[in-house]
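The values are calculated or read from the model by the stated rules, or taken from the named source; none is laboratory data. Source: prediction; values computed, not measured. Note: ideal-geometry Cβ built from the backbone for every residue, glycine included; neighbour counts use all protein chains shown. With ligands, DNA and RNA removed, areas are computed over all heavy atoms of the protein, side chains included. Shrake-Rupley method; radii C 1.70, N 1.55, O 1.52, S 1.80 Å.
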Amino acid sequence: MKDRVAVVTGSSRGIGLAIARTLGKNGARVVINSRSEERINSISSELQKEGLQVVGVGVDIQTRDGADKLIQKAIDEWGGIDILVNNAGINRDSLFLRMNEEDWEEVIKTNLNGMFHCTKAAVRSMTRKRWGRIINISSVVGLTGNPGQANYSAAKAGIIGFTKTLAQEFGIRNITANVIAPGFIETEMTDRLPEKIKKQMLDRIPMQKFGSCEDVAEMVKFLASDEAGYITGQVLVVDGGLAL
Ligand code: NAP
């Protein structure tokens, strides 16, 4: 992965941070991102101290302006972009009857519109290079649905249709587009869940353990590699068997 340029959205913590660190350790130059400029700069310094080539950009990828600034940083700093990992995501859970329009909009805007804006800004550079990897982080609930997550499941399912379309439109340019659908991964997002729900989830996982951020990062590393060059339009599930 030496000298490849990667952008990982939502990478100040959790899965995104693990992805950025893994790509960086494997020689990629990585642009990391979150809405908080202060936080992303501090993470960026931390990763640089580990010897990784990283720069941070504090923008909200919900907006076209934010996404453009993020991708432009990769171009200004390192001349283009090879790998885009659309990872930033939020949840606003409640049963459908109680779900308000704002909860719906916020989740769609971050999880789906953000992906649209970042991909739009990045893909031109990839087409010029005739090499690209677009890796979109969905969720198993995009395949199965989940009570209390109508907004999140809709966005995560939308990511799959979006990615399969990109795979068909950009295959000719040597750009692959794939989805990773994680199951239950231990991060701040899942830490917030009540213990009872966590126990119910664990009971449903054949491997009887939650996933780690590194489990997802290793799949990203593979999909971003030269070795994965003939894999496109796929949904790779990393869930310990949860969705079976
Ligand atoms: P997390 O710990 O909540 O981290 C989310 C990251 O995204 C943070 O860095 C956050 O930073 C950033 N972010 C949120 N909104 C943003 C925006 N509008 N613009 C830029 N950055 C934004 O989440 P996670 O658990 O690591 O999840 C990462 C991805 O995996 C998400 O897409 C999630 O849906 C998916 N996923 C997670 C699980 C799981 O079990 N954890 C399972 C399946 C799928 P700021 O808040 O500072 O902006």
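Overall, the accessible surface of the chain at a probe of 1.4 angstrom is composed of carbon and sulfur to the extent of 49 percent. Put simply, the convex hull of the Cα atoms in segment 103-169 casts, on average, a shadow of 4.5 nm².
Would you tally the net charge around I185, using a Cβ to Cβ cut-off of less than 14 Å, leaving I185 out, and scoring K and R as +1, D and E as -1? Around I185, the surrounding residues sum to -2. Considering only S34, G10, I75, and ranking their Cα positions along the charge dipole of segment 1-125 that arises from unit charges at the beta-carbon of Lys, Arg, Asp and Glu, the one farthest toward the positive end is I75.
With a cut-off of 15 Å between beta carbons, the residues surrounding G241 carry a summed charge of -1, where Lys and Arg count +1 and Asp and Glu -1. Bridges between two residues of the chain, per DSSP, are antiparallel at a rate of about 0%.
Given all pairs of different Cα atoms, what value in angstroms does the Kirkwood hydrodynamic radius of segment 22-93 take?
12.8 Å
Taking max minus min of the alpha-carbon positions on each principal axis, the chain gives extents of 48, 39, 37 Å, largest first.
Only one residue of F96, P182, M219 has its Cα farthest out toward the positive end of the dipole of the chain, where Lys and Arg carry +1 and Asp and Glu -1 on Cβ, and that residue is M219. Other residues with beta-carbon under 12 Å from the beta-carbon of L52 carry, at +1 per Lys or Arg and -1 per Asp or Glu, a net charge of +2. Ligands, DNA and RNA are left out, and with a 1.4 angstrom probe the accessible area of the chain is 48 Å² per residue.
Which of the helices in the chain, when you take each full DSSP H run, stretch at least 27 Å along the axis at their Cα atoms and have an average Kyte-Doolittle score of 0.5 or higher?
Helices meeting the criterion: none.
Taken about its Cα centre, the chain carries a charge dipole of about 500 debye when Lys and Arg each add +1 at the Cβ and Asp and Glu each add -1 at the Cβ.
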